[in-house]
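Reading through the structure tokens given below for one structure.
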Amino acid sequence: MTTMLGLSLTGRRVVFVGGGAVAARRIGRFLDEGADVRVVSPALGDAMRDVVTAHGLTWLPRDVRRDDIADAWLVHTATGIPRVDAAVAAWCESDRVFCVNTSDGAHGSARLAAETRSGDVIVGVASDAGVDPRRAVRLRDAIAAALRAGTLPLRRRRRGGGRVDLVGGGPGPADLMTVRGRRLLAEADVVVADRLGPVDVLHELEPGVEVIDVGKQPGHHPVTQDEINALLVAHARAGKRVVRLKGGDPFVFGRGGEEVAACHAAGIPVEVVPGLTSIVSVPQAAGIPVTHRGVSGGLHVANGQGPITPSTRAALGDDAITTVFLMGVAALPRIVEAARAAGAPLERPVAIVERGHTPQQRTTRSTLATVLADAAAAGVTNPAVIVIGEVARAGLLLAPAEERERVIR
């Protein structure tokens, strides 16, 4: 019968007997734990030598002796010589030191589980009778995949210290979120969500998770930024894990910096998880690279709701720069005026990509000369990304027919 235990080896002596490939594969787990690792082996393989050198480990270049385990909390023996490993295991048994014996794991007093981690959760898989590492690894990998997908119940049942995580949800599809973002959502007690981003994942949350909609629409902000900041702080102070779920990236026109500052001012732990920003991901969905060798060697990003700055005017007039506007549909007339005033040619390509990476995605291709009329005729609305530059030229990467048939997965 095997009992699974979680052992803290930080600062405690672990002796590795043997310097071959097996020891090299396993030693990293103990180094990551912060164990005081010592290696005993007449010779080291290349991989083990690299580890010993990189970490400055103590290496005793000789055969193992009984006194080598005298101050050990755990011994890992992998000499490849069964009689030596058996002798080490016997010494450990006599001295009440746990031993991982790779020559005959079923008879060792300790086993290494196939391990996966998700945040502060560690899951180990081991056989109760006999040794079947391939089965353990396959099961471990299946559990790891479910943890990455956020489909396992990671939410805490005992209230601990509250915190806030700003999670960039990317352009919308849940499978374009980061692994860390999905895991933090699975751990959340409260989710403060925007209108844009991967809202479908909210249906996957456990019952009891509070979802607060603070989404803004053009000209309609029912929850002010100060109120959002106060919500984050209040729930975290109540000991809850709070996820602020945003579309795109929290630090790209998402006021994430203001929310981080509010948490810092209140003494609330806060971290930021980056997300795919619509600056590049939405044009990409329409087959538009924001930079392309021989076409555009630079990228300028602007908020369409703000003033046209001198740097934006300069970018609009530069043939080798792609200019991307977010939240710029209402500002399209003054954007076009600024581009013309900067000397941009009337035939400069313009693309407006609406609702990128969704089944409703639509791209309007035009030029500075006709984009106002074309956008009006198409009834272009937000959310949309405006791309101005040669990279927006039709057929640069996708033939027109291919673009019409492009399927958003």
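Bear in mind these aren't lab numbers, they're just calculated from the coordinates by the rules spelled out. Because the structure is predicted, anything quoted here is derived from the model rather than measured. All Cβ positions, even for glycine, are placed from backbone atoms using ideal geometry, and neighbour counts span all protein chains on display.
On alpha carbon coordinates alone, what is the Rg over Rh value for segment 40-194, Rh being the Kirkwood radius? Mind showing how you got there, number by number?
Working: Rg = 21.5 Å, Rh = 19.3 Å.
Here the Rg-to-Rh quotient is 1.11.
So, counting K/R as plus one and D/E as minus one, what does the shell of residues with Cβ under 12 Å around Ile268 add up to?
Values: positive: Arg163, Arg237, Lys240, Arg241, Arg244; negative: Asp165, Glu259, Glu271.
Taking every other residue near Ile268 into account, the sum is +2.
Calculate the all-directions average of the projected area of the chain's alpha-carbon convex hull, and give it in nm².
26.1
Amide H neighbours of Val301 under 5 Å, at least 5 residues apart or on other chains, H built in the peptide plane: list them.
For Val301, whose amide H was placed from the backbone, the distant partners under 5 Å are Val324.
Using a 10 Å cut-off on Cβ atoms, rank the peptides 315-325, 33-43 from the highest mean neighbour count down. The partial results should precede the final answer.
Numbers: 315-325: 21.6, 33-43: 18.1.
The peptides rank, most packed first, as 315-325, 33-43.
What relative contact order, as a whole-number percentage, does segment 279-405 give when Cα pairs under 8 Å and 6 or more residues apart are counted? All intermediate terms of the calculation are to be shown ahead of the outcome.
Details: 244 pairs, mean separation 38.2, N = 127.
Reported as a whole number, the value is 30 percent.
For segment 1-112, count the residues as N, evaluate 2.2 N^0.38 Å, and divide the Cα radius of gyration by that value, please. Present the calculation step by step, with values, prior to reporting the outcome.
On the way: Rg = 12.8 Å, N = 112, 2.2 N^0.38 = 13.2 Å.
Relative to the 2.2 N^0.38 Å estimate, segment 1-112 comes out at 0.97.
Over the chain, what relative contact order in percent results from Cα pairs under 8 Å that are six or more residues apart?
On the way: 793 pairs, mean separation 40.9, N = 409.
Relative contact order, the chain: 10 percent.
Whose amide H sits under 5 Å from the amide H of Arg362, counting only residues 5 or more places off or on another chain, with H placed in the peptide plane?
The list, which skips near neighbours in sequence, is Glu354.
State, to one decimal in nm², a quarter of the convex hull surface area for the C-alpha atoms of segment 211-282, i.e. the direction-averaged projected area. Before the final figure, lay out the partial values.
Working: hull surface 20.7 nm².
That works out to 5.2 nm².
Quick check on segment 163-273: what does the Kirkwood estimate of hydrodynamic radius come out to from the alpha carbon pairs, in Å?
Numbers: mean 1/r = 0.0732 Å⁻¹.
Averaging 1/r across every pair of different Cα atoms and inverting gives 13.7 Å.
Just the Kirkwood number for segment 1-42, please: inverse of mean 1/r across all distinct Cα pairs, in Å, one decimal. Don't jump to the answer; show the numbers that get you there.
Numbers: mean 1/r = 0.0889 Å⁻¹.
Over segment 1-42, the inverse of the mean reciprocal pair distance is 11.2 Å.
Using only the Cα atoms of segment 108-210, what are the Rg and Dmax in Å?
Cα only, segment 108-210: 16.4, 56 Å (Rg, Dmax).
What residue among Gly297, Gly343, Gly45 shows peak mean-square fluctuation when the chain is described by a Gaussian network model with Cα springs under 10 Å?
Gly45
Connecting C-alpha atoms closer than 10 Å in a GNM of the chain, tell me which of Thr381, Thr364, Thr309 has the biggest fluctuation.
Thr309
Connecting C-alpha atoms closer than 10 Å in a GNM of the chain, tell me which of Pro207, Pro289, Pro345 has the biggest fluctuation.
Looking only at Pro207, Pro289, Pro345, the largest GNM fluctuation is found for Pro207.
For the chain, which cysteines have no second Cys with its Cβ under 4.7 Å from theirs?
Cys263
Restricting to DSSP loop positions (anything but H, G, I, E, B) with no more than 12 other Cβ atoms inside 10 Å of their own Cβ, which trypsin sites (Lys or Arg not before Pro) remain in segment 66-168? Mind showing how you got there, number by number?
Values: sites: Arg66, Arg83, Arg96, Arg111, Arg117, Arg134, Arg135, Arg138, Arg140, Arg148, Arg155, Arg156, Arg157, Arg158, Arg159, Arg163; in loops: Arg96, Arg111, Arg155, Arg156, Arg157, Arg158, Arg159.
Loop-located and lightly packed - Arg96, Arg157, Arg158, Arg159.
If R0 is 35 Å, what FRET efficiency do you get for Arg195 and Ile122 from their C-beta distance, rounded to 0.05?
Details: r = 36 Å, r/R0 = 1.04.
The calculated FRET efficiency here is 0.45.
What share of all Cα pairs of segment 171-231, in percent, falls into each consecutive 10 Å distance bin?
19, 50, 29, 2
Consider just the alpha-carbon atoms of segment 226-376 and return their Rg together with their Dmax, both in angstrom.
18.6, 57
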